[in-house]
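To start, the structure itself, in structure tokens.
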Amino acid sequence: MARIELRSATADDYDFAFHVHGTAMRPSVEPIYGWDEEFQARYFRLHFDPATRDIIRYDGTDVGVLSVEERDESLFLAMIAILPQYQHRGIGTTLIRRLQQEARERGVPLTLRVLTSNRARELYERLGFLLTGETETHYQMRWSASHP
């Protein structure tokens, strides 16, 4: 069985994280906002904080980026992005189930936002997330141990 683990990101992970962002997120970002490579590079550099990110490893290979925020009333899945060639292997499911377990242990819900054009919404729904709000560009979703 493949091993899925996390390691803390460092400043040296910038190029990898930007590559993951571009390849994993472009198909969802482009239909809503368009894709301006120069803007994406500026925006990503401005908001890249390795202290808030983990690198997802699959069998010893870096395959994605995860960011989770501890908020007052919830754990917030700020980002999960996996390189396309590693998607559909259960990596995201495994990591989200781990987060659900952590949320259950803390007695808080797990929340997230997902672009309306992102097929990941199907995964979140399969894992028990419920739609709690919607904007023109995003769905807000919530999972709670009390409402599995």
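A few points about this structure:
- Contact order normalised by residue count of the chain, Cα under 8 Å, 6+ apart, percent: 21
- Couplings for the range 118-135, taken from phi via the Karplus curve 6.51 cos²θ - 1.76 cosθ + 1.60 with θ = phi - 60°, read 8, 5, 4, 3, 4, 4, 4, 5, 4, 8, x, 6, 10, 6, 10, x, 8, 10 Hz in order; Gly and Pro are left as x.
- Contact order, relative form, for the range 90-142: 35 percent (alpha carbon pairs under 8 Å, 6 or more residues apart, mean separation divided by residue count).
- Under the Debye formula (equal points on every Cα, no solvent term), log10 I(q)/I(0) of the range 88-148 at q = 0.14, 0.18 Å⁻¹: -0.38, -0.61
- Mean ellipticity per residue at 222 nm, deg cm²/dmol - from DSSP H runs of n ≥ 4 across the chain, formula -39500 (n - 2.57): -9500 deg cm²/dmol
- Once backbone amide H atoms are built at 1.01 Å from N, residue 130 has 142, 143 as its partners under 5 Å, excluding neighbours fewer than 5 places away on the same chain.
- Share of Cα-Cα pairs in the chain lying beyond 28 Å, as whole percent: 16
- Heavy atoms of the protein chains alone define the surface here; on that basis the range 26-127 has 58 Å² accessible area per residue at 1.4 Å probe size.
- When restricted to Cα atoms, the range 1-88 yields an Rg and a Dmax of 13.5, 40 Å, respectively.
- Sequence-distant residues sharing a close amide H with residue 116 (under 5 Å, placed H): 138, 139
- The Cα center of the range 44-64 and the Cα center of the range 67-81 differ in position by 15 Å.
- Ligands, DNA and RNA excluded, the heavy atoms of residue 80 present near 30 Å² of accessible surface to a 1.4 Å solvent probe.
The values are calculated or read from the model by the stated rules, or taken from the named source; none is laboratory data. Given the structure is predicted, the values throughout are model-derived calculations rather than measurements. Please note that ligands, DNA and RNA were not included when accessible areas were found on the heavy atoms of the full protein model with its side chains. Shrake-Rupley method; radii C 1.70, N 1.55, O 1.52, S 1.80 Å.
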